[in-house]
1. Got a sec? Which of THR144, THR190 is in a loop (DSSP other than H, G, I, E, B), at pLDDT below 95 and surrounded by fewer than 13 Cβ atoms within 10 Å (Cβ to Cβ)?
2. Which condition number in (1) in contact with a Gly (Cβ under 6 Å, 6 or more places away or on another chain); (2) at pLDDT 95 or above is the one that ALA248 fails?
3. In the stretch 237-261, what residues are within 16 Å of HIS30 (Cα to Cα) and among the hydroxyl-bearing types (Ser, Thr, Tyr)?
4. For the stretch 147-168, how many residues are part of a loop (DSSP other than H, G, I, E, B), closer than 23 Å to HIS110 by Cα and either modelled with pLDDT of 95 or more or open to solvent by 50 Å² or more (accessible area, probe 1.4 Å) (or both)?
5. Any idea which of ALA220, ALA171, ALA178 is closer than 28 Å to ALA83 by Cα, open to solvent by less than 70 Å² (accessible area, probe 1.4 Å), in a loop (DSSP other than H, G, I, E, B) and modelled with pLDDT of 90 or more?
6. Across the stretch 111-124, which residue is least open to solvent (accessible area, probe 1.4 Å) among those that are touching a Leu at 6+ places or on another chain (Cβ under 7 Å) and over 12 Å from ASP74 (Cβ atoms)?
7. Mind checking whether some residue in the stretch 225-245 is among the basic types (Lys, Arg), open to solvent by 80 Å² or more (accessible area, probe 1.4 Å) and either at pLDDT 90 or above or not in a strand (DSSP E or B) (or both)?
8. So which pairs qualify, if the first residue must be in the stretch 251-273 and within 20 Å of VAL51 (Cα to Cα), the second must be assigned to a loop (DSSP other than H, G, I, E, B) and open to solvent by 50 Å² or more (accessible area, probe 1.4 Å), the Cβ gap must be under 8 Å, and the two must be at least 6 apart or on different chains?
Amino acid sequence: MRHLRTLFVLFVCLCLRLSSWAQYDPAFNHYWTLQSFYNPAASGLEGQLNVQGGYSMQMLGYTHAPKTMILTADVPLWMISPAHGAGAGFVNDEIGLFSHKKFYIQYAFHKKLWGGRLSIGLRAGMLAEGFDGSGVDLEKSGDTSFPTSDVNGTSFDLDGGLRYDGKKWYAGFSVLHALSPMVSLGDTKTNEYEVPATFYLTGGYNITLKNPLLKVQTSAIVRSDLQAWRGDVTARLVYDGPKGKMYAGVGYSPTISTSLFIGGNFHGIQIGYCYEIYTSGVGALQGTHEISLGYITDLDLFKKGRNRHQSVRLL
């Protein structure tokens with residue numbers, strides 16, 4: 001019974017993740033701070049060094065519940081031209097006995113167009129998959145479908161995206177895992193799976209209020225692997241004061257969850273917290289805790305004041 005219970009919990013976690021995320025990639029609630037991950041065309045858009053990180057603990061209280069960490073960094077290539085941007089990142093995703101890692105580098109080209117800025121980006125990465133077979137006890141040996149030791153596999157990954165930034169809004173389209181890479185765990189092809197290509201639509205708009213210190217920032221993301229999908233809509237009330245910025249907001253993902261946000265930006269340091277409440281299948285106290293940390297600063301070695309550009313994607 002103990003082994004059956006462990007397998008059941010793993011199965012529930014996998015089903016909840018597939019139903020709520022709708023694809024292979026992690027679905028961070030702070031997606032608007034991690035846009036260079038969801039779309040490589042966003043690299044270097046801030047005109048500053050932009051480092052962002054996040055940590056998500058999902059379905060708290062469940063054994064083997066998913067945990068995800070991400071770290072991204074992007075910067076304009078001022079030594080070449082402000083029209084060029086580059087970035088790198090790392091994702092570590094754990095769910096039960098499975099682990100998913102991705103390392104990547106990316107490049108973006110930006111061009112002023114129609115009073116805004118059009119960007120195109122390309123990313124190359126490496127997927128590293130693992131399964132801890134030593135944690136599986138089926139009480140009956142001989143089934144080669146279940147590894148009994150640690151098995152790992154790697155595969156090349158390719159992503160691309162387009163994005164347009166206006167004065168108060170932005171919109172983007174990207175595809176991750178464009179080549180649908182196949183990953184084999186171990187030395188044989190007994191345990192292998194294909195990572196499906198996933199498509200993303202992102203957008204946002206800043207709403208100005210009568211009070212110059214207040215504004216409403218709205219954003220949305222829709223993702224699909226053409227078999228399932230997830231959408232998120234977020235609205236944040238932002239206070240932009242002389243000593244820093246603070247925000248509070250709500251998010252909604254149809255049929256999946258609602259989210260509550262709070263955070264701020266002080267001297268270039270960004271910190272945010274989100275609690276995601278699942279609307280079906282899991283109790284309100286077994287939601288997701290998510291922390292977002294970031295740092296943005298100017299790089300003055302090559303930067304010229306006339307090239308300054310401020311993106312609407314962040315606070």
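The values are calculated or read from the model by the stated rules, or taken from the named source; none is laboratory data. Keep in mind the model is a prediction, meaning the values are calculated, not measured. Here the Cβ positions follow ideal geometry from the backbone for every residue, glycine too, while neighbour counts run over all protein chains shown. Just so you know, the surface numbers come from the protein's heavy atoms only, side chains and all, with ligands and any DNA or RNA stripped out. Shrake-Rupley method; radii C 1.70, N 1.55, O 1.52, S 1.80 Å.
1. THR144
2. Status for ALA248: all satisfied but (1).
3. Result: TYR247, TYR252, SER253, SER257, THR258, SER259.
4. Residues meeting the conditions: 2.
5. Within the list ALA220, ALA171, ALA178, the selection yields ALA178.
6. Checking each candidate, the answer is ALA124.
7. Checking the stretch 225-245: at least one residue is among the basic types (Lys, Arg), open to solvent by 80 Å² or more (accessible area, probe 1.4 Å) and either at pLDDT 90 or above or not in a strand (DSSP E or B) (or both).
8. Every condition considered, the pairs that remain are PHE266/LYS243.
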